[in-house]
Amino acid sequence: MFGWSRKKALSGGDDMDPNLASEFFRQGDFAEALRRADVMLAAGPHIALSWRFKGECLFQMNRFGEAEVCFRRAHEIGGPGTEEVLFWAAFCQHNVGQRDGAVSTLRGYIAGLPPDATERQRQAERALVAFRG
């Protein structure tokens with residue numbers, strides 16, 4: 001009953017509140033977080049972070065093809081918070097068996113990294129090795 005009460009209290013809030021959407025995500029209620037992401041995107045389809053958040057929700061729901069589309073849209077819009085979306089797009093490809101596409105996406109991601117992003121580069125190179133199997 002506590003879980004229901006908590007969800008009811010949260011869901012009474014503003015559907016456009018990214019903090020509430022994030023709280024649902026943290027609680028593992030990815031369907032509700034996704035619903036809220038869709039509401040935010042309907043109001044502001046030009047906001048890259050909303051596309052990223054939707055992609056993260058879909059990724060957690062194992063809906064990798066849809067998640068990849070969202071991550072790529074966030075990348076197209078660009079801006080703060082989108083630096084790693086191609087990395088996640090590659091994981092989406094890998095998770096649906098598109099190994100060559102995942103490797104290609106990771107190579108493009110690595111090529112676009114700034115010189116001071118050494119940790120992100122190492123992380124991507126480790127994933128590249130794992131993707132090649």
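The values are calculated or read from the model by the stated rules, or taken from the named source; none is laboratory data. It should be emphasised that the depicted structure is a prediction, and the values quoted were computed from it without experimental measurement. FYI the Cβ positions are ideal-geometry reconstructions off the backbone, even for glycines, and counts take in every protein chain you see. With ligands, DNA and RNA removed, areas are computed over all heavy atoms of the protein, side chains included. Shrake-Rupley method; radii C 1.70, N 1.55, O 1.52, S 1.80 Å.
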note = Between ALA42 and ALA130, the FRET efficiency computed from the C-beta separation at R0 = 30 Å comes out, to the nearest 0.05, as 0.25
message = I'd like the Karplus ³J(HN,Hα) series for segment 100-116: coefficients 6.51, -1.76, 1.60, θ = phi - 60°, whole numbers in Hz, and an x wherever there's a Gly or Pro.
response = 4, x, 4, 5, 4, 4, 5, 4, x, 4, 4, 4, x, 6, x, x, 8
key: Whole-angstrom Cα spans of segment 13-97 along principal axes, big to small   = 38, 26, 18
inquiry  = Which order do you get for HIS46, HIS94 if you rank them by accessible area with a 1.4 Å probe, largest at the top?
reply    = HIS46, HIS94
query = In whole angstrom, how long is each semi-axis of the equivalent ellipsoid of segment 57-97, when you take the square root of 5 times every eigenvalue of its Cα gyration tensor and sort them from largest down?
reply = 18, 9, 8
